[in-house]
1. Scan the stretch 59-70 for residues that are over 19 Å from residue 286 (Cα atoms) and either touching a helix residue (DSSP H, G or I) at 6+ places or on another chain (Cβ under 6 Å) or not small (Gly, Ala, Ser) (or both) and jot them down.
2. Which members of the stretch 142-184 meet the condition of being of a type in the set (Ser, Thr, Tyr) and out of contact with any Phe, Trp or Tyr (no Cβ under 8 Å at 6 or more places or on another chain)?
3. Report, by residue number, each residue of the stretch 212-228 that is away from ligand 2 (no atom under 12 Å from the Cβ) and surrounded by fewer than 15 Cβ atoms within 10 Å (Cβ to Cβ).
4. How many of the residues in the stretch 113-133 are buried (at least 24 other Cβ atoms within 10 Å of the Cβ), of a type in the set (Val, Ile, Thr) and away from ligand 2 (no atom under 16 Å from the Cβ)?
5. I'm checking my understanding of the structure. Among residues of the stretch 115-138 that are within 11 Å of ligand 1 (Cβ to nearest atom) and not in a helix (DSSP H, G or I), which one is nearest to the chain's Cα centre (by Cα)?
6. Pull out all pairs, ordered by first then second residue, where Cβ-Cβ is under 9 Å, the residues are six or more apart or on different chains, the first lies in the stretch 142-163 and is under 20 Å from residue 14 (Cβ atoms), and the second is in a strand (DSSP E or B) and of a type in the set (D, E, K, R).
Amino acid sequence: MSTRHFLTLRDLSSEELRTLVKRASELKAIRNRGEVYEPLKNKVMAMIFEKSSTRTRVSFEAGMAQFGGHAMFLSPRDTQLGRGEPISDSAKVISSMVDVVMIRTFSHQLVEEFAANSTVPVINALTDEYHPCQLLADMQTYFEHRGDIQGKTVTWIGDGNNMCHSYINAARQLDFKLNIACPEGFDPDEKLVAENQERIFITRSPVEAVTGSDLVVTDVWASMGQEEEQKEREAKFDGFQVSPALMDNANKDALFMHCLPAHRGEEVSMDMLEDPRSVVFDEAENRLHAQKALLEFLMVK
Ligand code: CP
Ligand code: NVA
């Protein structure tokens, strides 16, 4: 069988995605029982980070160690990646020495090019366009708290960014409805929206978007790489803050998620992350379990 990559959620079938999300909860239970499970003994992961990270780095590195393997952190500052070595050459060389590669970078095309030249699985750990690993954890968290998300309504508030795009893919793969409230000029990718228009509703009103929703999700207003737009975005996103009062328009048992890091007082009110409807810290922990399920899926035959 040819090498499987995980560049977007669409690299998995709906069935594979559901199985993986459930397996993540099993792996969580195995770890919580203190059982040793090392299916990746002697396997090595290369982790290429061109952007900062806390959760992604810690979860992949800890996950590989718990599975009996090893992870190495590669930064463009200390490797030839930052000195212009072609991606295709880097992919051939790195993949000849390790068993899986994880990349966090700006351009989604770079990850595609790396994968096209890699002999081992490549995982997208965030690009400007997608953040599929986060969605594995988000979906695991929803399933654990509320059961299957099929037929539910999810609301995205804020920027039509990489997280929003991955929510669109999740809506397609797991069959839920997605309301999106973003300011004019910050809509998600037009083509992606057009391909999924039967399940997407875009509005400029956060209250309208949240009404009847089972899950409300937001993210920072300025993503990594957009730091210089911070001030301008703060003005444009005024009114798009998620707060307990906004959540009161959602269904009674609605949950709140945020991939973190969060900016309290901007996209979330000071008290939103501590609200009983917020599951953001379960969501963050589930990055570990969900990515272990992904590694097992891609690497253990
Ligand atoms: N949510 C997320 O990807 O966090 P990090 O940027 O800390 O990895
Ligand atoms: N949209 C954010 C997500 C961070 C995990 C970013 O790309 O910076």
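1. 70
2. 142, 155
3. Kept after step one, since they are away from ligand 2 (no atom under 12 Å from the Cβ), are these residues of the stretch 212-228: 212-216, 228.
Residues satisfying the conditions are 212, 228.
4. So the answer is 1.
5. The residue in question is 131.
6. Sorted first by the residue in the stretch 142-163, then by its partner, the pairs are 151/177; 152/177; 153/177; 154/177.
Here's the yes/no breakdown for (1) of a type in the set (D, E, K, R); (2) assigned by the TED database to the domain that holds residue 169; (3) free of Cβ contacts under 8 Å to residues at least 12 places away in the same chain:
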residue: 206; (1), (2), (3): no, yes, no
residue: 236; (1), (2), (3): yes, yes, no
residue: 252; (1), (2), (3): yes, yes, yes
residue: 269; (1), (2), (3): no, yes, no
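The values are calculated or read from the model by the stated rules, or taken from the named source; none is laboratory data. Remember, it's a predicted structure, so these values are computed and weren't measured experimentally. For neighbour counting, all protein chains shown are included, and Cβ atoms are generated from backbone atoms with ideal geometry for every residue, glycine included.
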